[in-house]
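J.: This is the structure I have questions about; it appears just below.
What follows is calculated from the coordinates using simple rules that are stated; it is not laboratory data. The structure displayed is predicted, hence computed values, not measured ones. Don't worry about glycine lacking a Cβ; one is built from the backbone with ideal geometry, like all the others, and counts go over all protein chains shown.
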Amino acid sequence: QVQLQESGPGLVKPSETLSLTCTVSGYSITSGYYWGWIRQPPGKGLEWIGSFYHGGNTYYNPSLKSRVTMSLDTSKNQFSLKVSSVTAADTAVYYCSRKNSGNDYFDYWGQGTLVTVSS
Amino acid sequence: QTVVTQEPSFSVSPGGTVTLTCGLSSGSVSTSYYPSWYQQTPGQAPRTLIYNTNSRSSGVPDRFSGSILGNKAALTITGAQADDESDYYCVLIMADGVSVFGGGTKLTVL
């Protein structure tokens, strides 16, 4: 069974960089599929951040592209997200996900982690 | 940027049928957008319901179905139950590979 688990600081100061890690179990992240991130501000809807394929294409939400970096750590079967120059608007529950590339949908989700941007 | 539209809210009676839609601010939704649908209850991660327009995810009851209705993707719940009361989100995949979520529909069963 594929499982994803987010981890990282729950509080980040404005103008700093938000960093999260997603640990994947039950599937090797180098074996295919897209991996990525989705977020949800409190009381609001879901927003796709980006998805990438090991050794292949990376796709970003155009509105976040300039501040977002995604990367893989294949030795730990993890992938990570960095969002730079954060503001209060980046406060959200962040979900990591696997995207089924054949049918283009999010088939596995992490439980989510709340990141608050505040001084 | 393309906007994906959903009804902000909808209500259905227990046992009734409801159809939620997913449209585009400009243009028509087709199967080429690989519409998918997700259900979310408060405090929980989204659950995948439908992918590739009309395929049900594993374990999803057959009272949930997906389709294209006119120029929109649609999620139909037949025989609504109390625990179907949730937020429902659609996702469309744009030609450039970008995924766009709709704003979500809050479904009330009463």
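J.: Please verify whether the stretch A:6-25 includes one or more residues that are under 21 Å from residue A:59 (Cα atoms), out of contact with any strand residue (DSSP E or B) (no Cβ under 7 Å at 6 or more places or on another chain) and of a type in the set (Gly, Ala, Ser).
T.: Checking the stretch A:6-25: not a single residue is under 21 Å from residue A:59 (Cα atoms), out of contact with any strand residue (DSSP E or B) (no Cβ under 7 Å at 6 or more places or on another chain) and of a type in the set (Gly, Ala, Ser).
J.: Right, another one. Could you grab me the full set of residues in the stretch B:35-55 that are at the interface with chain A (Cβ under 8 Å from one of its Cβ atoms), in a loop (DSSP other than H, G, I, E, B) and closer than 14 Å to residue B:75 by Cα?
T.: B:52
J.: Next question, about the same structure. Tell me the strands (runs of 3 or more DSSP E) entirely within the stretch A:30-112 that contain at least 3 residues that are within 14 Å of chain B (Cβ to nearest Cβ) and buried (at least 18 other Cβ atoms within 10 Å of the Cβ).
T.: On the way: elements: A:34-40, A:47-53, A:58-60, A:68-73, A:78-83, A:92-100, A:105-109.
The qualifying strands (runs of 3 or more DSSP E) are A:34-40, A:47-53, A:92-100, A:105-109.
J.: Only one residue in B:32, B:58, B:11 is small (Gly, Ala, Ser), in a helix (DSSP H, G or I), out of contact with any His (no Cβ under 6 Å at 6 or more places or on another chain) and surrounded by fewer than 20 Cβ atoms within 10 Å (Cβ to Cβ). Which one? Lay out the reasoning, then the answer.
T.: Numbers: B:58 fails: in a helix (DSSP H, G or I); B:11 fails: in a helix (DSSP H, G or I).
From the options B:32, B:58, B:11, the qualifying one is B:32.
J.: Look through A:102, A:112 and report the one residue that is within 18 Å of residue A:31 (Cα to Cα) and not charged (D, E, K, R). First the steps, then the outcome.
T.: Details: A:112 fails: within 18 Å of residue A:31 (Cα to Cα).
A:102 is the lone residue from the list that is within 18 Å of residue A:31 (Cα to Cα) and not charged (D, E, K, R).
J.: State which residue pairs qualify: first residue under 11 Å from residue B:90 (Cα atoms) and inside the stretch B:48-71, second residue β-branched (Val, Ile, Thr) in any location, beta carbons under 6 Å apart, and separation of 6 or more residues or different chains.
T.: B:49/B:60; B:53/B:31; B:66/B:50; B:66/B:53
J.: Kindly indicate whether residue B:2 is surrounded by fewer than 18 Cβ atoms within 10 Å (Cβ to Cβ), in contact (Cβ under 8 Å) with a residue 12 or more places away in the chain, assigned to a loop (DSSP other than H, G, I, E, B) and within 11 Å of chain A (Cβ to nearest Cβ).
T.: Working: surrounded by fewer than 18 Cβ atoms within 10 Å (Cβ to Cβ): yes; in contact (Cβ under 8 Å) with a residue 12 or more places away in the chain: yes; assigned to a loop (DSSP other than H, G, I, E, B): yes; within 11 Å of chain A (Cβ to nearest Cβ): yes.
For residue B:2, the condition - surrounded by fewer than 18 Cβ atoms within 10 Å (Cβ to Cβ), in contact (Cβ under 8 Å) with a residue 12 or more places away in the chain, assigned to a loop (DSSP other than H, G, I, E, B) and within 11 Å of chain A (Cβ to nearest Cβ) - is met.
J.: Are there strands (runs of 3 or more DSSP E) fully within the stretch B:71-110 with at least 2 residues that are touching an Asp or Glu at 6+ places or on another chain (Cβ under 7 Å) and more than 13 Å from chain A (Cβ to nearest Cβ)? List them. Steps first, answer last, please.
T.: On the way: elements: B:72-78, B:87-93, B:99-101, B:105-109.
Fully inside the stretch B:71-110 and qualifying: B:105-109.
J.: From B:64, B:10, which residue is touching a Leu at 6+ places or on another chain (Cβ under 6 Å) and over 24 Å from residue A:98 (Cα atoms)? Steps first, answer last, please.
T.: On the way: B:64 fails: over 24 Å from residue A:98 (Cα atoms).
Within the list B:64, B:10, the selection yields B:10.
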